[in-house]
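**Student:** Okay, handing you the structure first.
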Amino acid sequence: MSGTLSGKAAIVGIGATEFSKNSGRSELRLAVEAITTALEDAGIDREEVDGLSTFTMDNNPEIEVFRNIGGKSLKFFSRVHYGGGAACAPIMQAAMAVATGVAEVVVCYRAMNERSQYRFGSGYTPPPVPNAESAHYGYYVPFGLLSPASWVAMAAQRYMYESGATSEDFGRVSVACRRHAANNPNAWFYEQPITLEEHQQSRWIVEPLHLLDCCQESDGAQAIVVTSAERAKKLRQPPAIIRAAAQGAADDQQMMTSYYREDITRLSEMDLVAEQLYAQAGVKAADIRTATLYDHFTPYVLTQLEAFGFAPKGQAKEFVREGNLEIGGRLPVNTNGGQLGEAYIHGMNGIAEGVRQVRGTSVNQVPGDGPVLVTAGTGVPTSGLILGPA
Amino acid sequence: MTDDSLLAQAREWVGRAANQPATARDPVNVPMIRRWCEAMGETNAIYFDESAAQAAGHPGIVAPPAMLEVWTMAPYRPGGRTAEEGMAVLNLFDEAGYTGVVATNTRQEYDRYLVPGDVITSTPIVDDVSDEKRTALGIGHFVTLRYEFTDASDERVGRMTFRVLKFKPNLAQPKAEATEEGGENKFPHPRPAITHDNAFYWEGLSNRKLLFQSTDGRLRHPPGPMDPVSGSLEFDVVESSGRGTIHSFVVMHQPRLPGFEYPLPVVLVELEEGVRLVANVLDADPKEVEIGRKVEVDFVEVEPGYILPAFRLS
């Protein structure tokens, strides 16, 4: 089946601030800086923006962003839930808006002082009034299981038990990302590769996760400009056509703690995304040239390799051990350094890297013109994209 | 019980006596009248001065009409009412979770003045049970009781309607205990958010019981309002055996919360009944915590009145 969304819209501009641990300025300012850069990259006037999309945990109201960039008529705005899991969903929203004529130029953004102001890794703080979301955390936080790393570690432990994957296999993901970041001047860990030994010696955060299994915490912003594939032909940059975009939640989905599904070692929500993406784009795993796989924590990169069919279930460890994630391997991943190496911009920076791979401008360019896969946060309701050249 | 059947059962009481008639322990008497007038600031002399009463056309001292209910009130007991003094119609609501009660309004009618020596009997009759009302206190039903007051010759001397709201209390959120110094505990143990959907679970824990929702024999956790298979909004609550197997675990090192000991094992246990539950492990070396180990539930009072499940290695 070829979905009607496929090929209708394109990413035509990308822009980011520097990635840091303390931006020293407001998140709103980060947002407008990144958006301005992305629009300049696209060659589109700020006044032409008529759609905005982001995801929850971003704190910048659409109208504040819009007022500040000098927008005139905002016809479409949406905010998708579940933080990093939604990372690719604003692009899907934008593509749908553009494909249906609801809006012409939609900017997706994510701007946050996550390191200097929030630190998700410091634990969950409940809101004052109880609701279904805060009730959910009541089954974990009173037992000290209160950080994203801890929620992922629970599934990772079982994954290791069932698949035979080791901490070193997780470490190989981190080593590949840091090797790629080392070539990327915009990465926080530019010129700072790590060895597997360093990974193994890094301190425990939550067993079985070492420090170097966990992504960074970062300040920064990333913006992505989406318009119609038709208009994209006339713009400054080679377009990255959105060949597929999908969201997924499935199999007794919970927010980071899908511990009650029969098999907690699979990402059923990503299985659903994979199935939709391949069907929409009309491609299969063998066609994918490179991927940005969401890497807030290394174990779920292995699970994603299985969800997308790069390795059979439980066998991603062999795929990783063969060096396939690195440049020159079967599927170089996170060629910007990922969130482990470049910055934690909630996956939005991974989309920008997917665009650079389509344009041929990545610092770790993978040869060829095959489709590029981008995924969003794992362990949560998620989303994904397949991008390709016109 | 569904709310509809609760209402039907409660309304079967309408027109019937809510309880046995209560006869006053003491006849109407001057000392009680005098005390009541002092307490209420009542200065009308006809209630305690024989000549003033006669001057006003009474044969002697009369009791203030507003004391109508005083004579037959149940004795004060520190432990609350006895079962005989309770009303079955109100108990129905208690059992259905409408545990809150508040008197909302009362109205009295008087047929004659009571005089010293009168022995009063009161009979409560259920007058009305309202539809469900959503009040600031919580969701509930107004129950109106009509009391008939009679004298020793069974003549009516007065009537009173008395309305109470039986309600499901809005969910009070657990608060951290104060410290011994009296200040607020700076580092309280993290508290759950209690909603209408999960209150039974946390109440069960406070009684050292591990309870799960069950519909048609299907157990589920965490709790939710609807059985995903049948779509039923009704569920039974079953108590877990507490026996299970470690399905997965982590050992927390960071971040560290005050009041926890690190490294901190946290286990995901698959219970015999098939549901899974996250909790801590008691008295175990983290090295002993392994997938497949048998465990049994225990309960830990992490703060006064705040009980969490925890597992022990079998």
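The values are calculated or read from the model by the stated rules, or taken from the named source; none is laboratory data. This is a predicted model, so every value here is computed, not measured. Ideal geometry is used to build each Cβ from the backbone, glycine not excepted, and the neighbour counts take in all protein chains shown.
Residues checked against (1) over 18 Å from A:Asn349 (Cα atoms); (2) assigned to a loop (DSSP other than H, G, I, E, B):
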| position | (1), (2) |
| --- | --- |
| A:Gly7 | yes, yes |
| A:Ile11 | no, no |
| A:Arg29 | no, no |
| A:Asn59 | no, yes |
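**Student:** Just to be sure I understand the filter: pairs with C-beta atoms under 9 Å, separated by 6 or more residues or on different chains, first member in region B:9-31 and at pLDDT 95 or above, second member in a loop (DSSP other than H, G, I, E, B) and basic (Lys, Arg). Which pairs pass?
**Tutor:** none
**Student:** Please verify whether region A:65-82 includes one or more residues that are part of a helix (DSSP H, G or I), at pLDDT 95 or above and of a type in the set (Phe, Trp, Tyr).
**Tutor:** yes
**Student:** Against the conditions (1) buried (at least 19 other Cβ atoms within 10 Å of the Cβ); (2) within 14 Å of chain B (Cβ to nearest Cβ); (3) of a type in the set (A, V, I, L, M, F, W, C), where does A:Ala132 fall short? Just the number, please.
**Tutor:** Against the list (1) buried (at least 19 other Cβ atoms within 10 Å of the Cβ); (2) within 14 Å of chain B (Cβ to nearest Cβ); (3) of a type in the set (A, V, I, L, M, F, W, C), A:Ala132 comes up short only on (1).
**Student:** Only one of these is without any contact (Cβ under 8 Å) to a residue 60 or more places away in the chain, assigned to a loop (DSSP other than H, G, I, E, B) and not charged (D, E, K, R): A:Asn336, A:Asn324, A:Asn364. Name it.
**Tutor:** Exactly one of A:Asn336, A:Asn324, A:Asn364 is without any contact (Cβ under 8 Å) to a residue 60 or more places away in the chain, assigned to a loop (DSSP other than H, G, I, E, B) and not charged (D, E, K, R), namely A:Asn324.
**Student:** Turning to a different aspect of this structure: Go through (1) in contact (Cβ under 8 Å) with a residue 40 or more places away in the chain; (2) touching a helix residue (DSSP H, G or I) at 6+ places or on another chain (Cβ under 6 Å) and name the single condition B:Leu268 misses.
**Tutor:** Against the list (1) in contact (Cβ under 8 Å) with a residue 40 or more places away in the chain; (2) touching a helix residue (DSSP H, G or I) at 6+ places or on another chain (Cβ under 6 Å), B:Leu268 comes up short only on (1).
**Student:** Does A:Ser23 satisfy the condition of being among the hydroxyl-bearing types (Ser, Thr, Tyr) and assigned to a strand (DSSP E or B)?
**Tutor:** No.
**Student:** If you don't mind, another one. Need the failing condition index for A:Ile194 against (1) more than 25 Å from A:Gly15 (Cβ to Cβ); (2) touching a strand residue (DSSP E or B) at 6+ places or on another chain (Cβ under 8 Å), just the number.
**Tutor:** Checking A:Ile194 against (1) more than 25 Å from A:Gly15 (Cβ to Cβ); (2) touching a strand residue (DSSP E or B) at 6+ places or on another chain (Cβ under 8 Å), the one that fails is (2).
**Student:** Can you work out which of the residues in region B:121-160 that are modelled with pLDDT under 95 and of a type in the set (Lys, Arg) is surrounded by the most Cβ atoms within 10 Å (Cβ to Cβ)?
**Tutor:** B:Lys133
**Student:** If only one of B:Leu211, B:Leu205, B:Leu171 is within 12 Å of another protein chain (Cβ to nearest Cβ) and at pLDDT 80 or above, which one is it?
**Tutor:** Matching residue, one of B:Leu211, B:Leu205, B:Leu171: B:Leu205.
**Student:** Report yes if some residue within region B:279-294 is facing chain A (nearest Cβ under 9 Å), part of a strand (DSSP E or B), surrounded by 13 or more Cβ atoms within 10 Å (Cβ to Cβ) and in contact with a Leu (Cβ under 8 Å, 6 or more places away or on another chain); otherwise report no.
**Tutor:** yes
**Student:** Output the residues belonging to region A:53-65 that are under 11 Å from A:Tyr109 (Cβ atoms) and over 18 Å from the mean Cα position of the chain (by Cα).
**Tutor:** The answer is A:Asn60, A:Glu62, A:Val65.
**Student:** Looking only at region A:138-152, filter to residues that are within 18 Å of A:Pro128 (Cα to Cα) and in contact with a Gly (Cβ under 8 Å, 6 or more places away or on another chain); which one of those is surrounded by the most Cβ atoms within 10 Å (Cβ to Cβ)?
**Tutor:** My answer is A:Val141.
**Student:** Now a separate question. Out of (1) more than 9 Å from chain A (Cβ to nearest Cβ); (2) touching a residue at least 40 places away in the same chain (Cβ under 8 Å), the odd one out for B:Ser230 is which?
**Tutor:** With respect to (1) more than 9 Å from chain A (Cβ to nearest Cβ); (2) touching a residue at least 40 places away in the same chain (Cβ under 8 Å), B:Ser230 is out only on (2).
**Student:** Restrict the check to region A:252-268 and report whether at least one residue is on the phi < 0 side of the Ramachandran plot, under 16 Å from the mean Cα position of the chain (by Cα) and not aromatic (Phe, Trp, Tyr).
**Tutor:** So far as region A:252-268 goes, yes, one or more of its residues are on the phi < 0 side of the Ramachandran plot, under 16 Å from the mean Cα position of the chain (by Cα) and not aromatic (Phe, Trp, Tyr).
**Student:** Here's a follow-up. Among the listed residues A:Glu207, A:Glu191, which satisfies the condition of being over 28 Å from A:Val152 (Cα atoms) and of a type in the set (Asp, Glu)?
**Tutor:** On inspection, the qualifying residue turns out to be A:Glu191.
**Student:** Among the residues of region B:232-245 satisfying the criterion of being at pLDDT 95 or above and not in a strand (DSSP E or B), which is farthest from B:Arg276 (Cα to Cα)?
**Tutor:** B:Ser241
**Student:** Using beta carbons and a limit of 8 Å, which pairs, at least six apart or on different chains, have the first residue in region B:245-265 and within 19 Å of B:Pro190 (Cα to Cα) and in contact (Cβ under 8 Å) with a residue 12 or more places away in the chain and the second one in a loop (DSSP other than H, G, I, E, B) and small (Gly, Ala, Ser)?
**Tutor:** Partner pairs satisfying both residue conditions: B:Met252/A:Gly144; B:Leu257/A:Gly123; B:Leu257/A:Gly144; B:Leu264/A:Gly144; B:Pro265/B:Ala284.
**Student:** Which condition number does A:Gln280 fail, the rest of (1) part of a loop (DSSP other than H, G, I, E, B); (2) more than 27 Å from A:Leu146 (Cβ to Cβ); (3) of a type outside the set (Gly, Ala, Ser); (4) more than 17 Å from the chain's Cα centre (by Cα) being met?
**Tutor:** Status for A:Gln280: all satisfied but (1).
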